[in-house]
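Peer 1: Sending over a structure as structure tokens; questions will come in a sec.
Please treat every number below as a calculation from the coordinates, not as lab data. Owing to the predicted nature of the structure, the values given are computational and were not obtained by experimental measurement. Virtual Cβ from ideal backbone geometry, glycine too; neighbours counted across all protein chains shown.
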Amino acid sequence: MQQNEPPRFDELLGAARHSAVHLEMRDNYAVLDEAEDYRRWRQTGQRDADPDSPYWAPWVQTVRTATGRGVAVRRVRIVSEPVSDYIRYEHAGTTVNVLAGEEVRWLPRNQASGLLVPALDGWLFDDARLLLNHFTGNGQWAPQPTELCTDPHAVTAYAAAVEAVWNRAVPHDQYTIR
């Protein structure tokens, strides 16, 4: 029997009433929609940080629409130090995430000791719906890239883990790349 496709991210965020939280834990991602910008950054050291650029504008509008409805959009990243080139690239663009209305925090992996963290990155919406992200070992989207979880026990455990990470993490404007 074929599983139904999970709702798209934009549908879930559009239905969110009070919160959307993204947990990221990989040191490298290789998703196609970033490939050209990442390649350019590696060659020049310059990151597209224009919120109106074709690269950023759709995301900025999505976040602003959500925050305009009163949805708190947060992102927390667990990173190894010294950070990978990819994390340097992410850090260089995070000013746009913040400008769009996201709150962003960073937690060095060695400061996550004692925390129980989920195995998968994901977006948690209103502490009720969890969109888990599946990646291959090299950071590309897996053949089935997302999975919707609404099991109350799993969602509650994920939410508790994300809050523990968030509470220990450093706000973006205070985090220094190492």
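Peer 1: Mind checking which residues of region 1-36 are surrounded by fewer than 16 Cβ atoms within 10 Å (Cβ to Cβ) and among the acidic types (Asp, Glu)?
Peer 2: Scanning region 1-36 gives Glu5, Asp10, Glu11, Asp33, Glu36.
Peer 1: Could you say whether any residue in region 7-21 is aromatic (Phe, Trp, Tyr) and closer than 17 Å to Asp126 by Cβ?
Peer 2: Among the residues of region 7-21, at least one is aromatic (Phe, Trp, Tyr) and closer than 17 Å to Asp126 by Cβ, which makes the answer yes.
Rundown of residues vs (1) in a helix (DSSP H, G or I); (2) crowded, with 17+ Cβ neighbours inside 10 Å; (3) in contact (Cβ under 8 Å) with a residue 24 or more places away in the chain, yes/no style:
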{"site": "Tyr89", "(1), (2), (3)": "yes, yes, yes"}
{"site": "Leu107", "(1), (2), (3)": "no, yes, yes"}
{"site": "Gly139", "(1), (2), (3)": "no, no, yes"}
{"site": "Tyr158", "(1), (2), (3)": "yes, yes, yes"}
{"site": "Glu163", "(1), (2), (3)": "yes, no, no"}
{"site": "Thr176", "(1), (2), (3)": "no, no, no"}
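Peer 1: Are any of the residues in region 39-49 of a type in the set (Gly, Ala, Ser) and surrounded by fewer than 16 Cβ atoms within 10 Å (Cβ to Cβ)?
Peer 2: yes
Peer 1: I'd like to know if region 38-46 contains one or more residues that are hydroxyl-bearing (Ser, Thr, Tyr) and part of a loop (DSSP other than H, G, I, E, B).
Peer 2: No, region 38-46 contains no residue that is hydroxyl-bearing (Ser, Thr, Tyr) and part of a loop (DSSP other than H, G, I, E, B).
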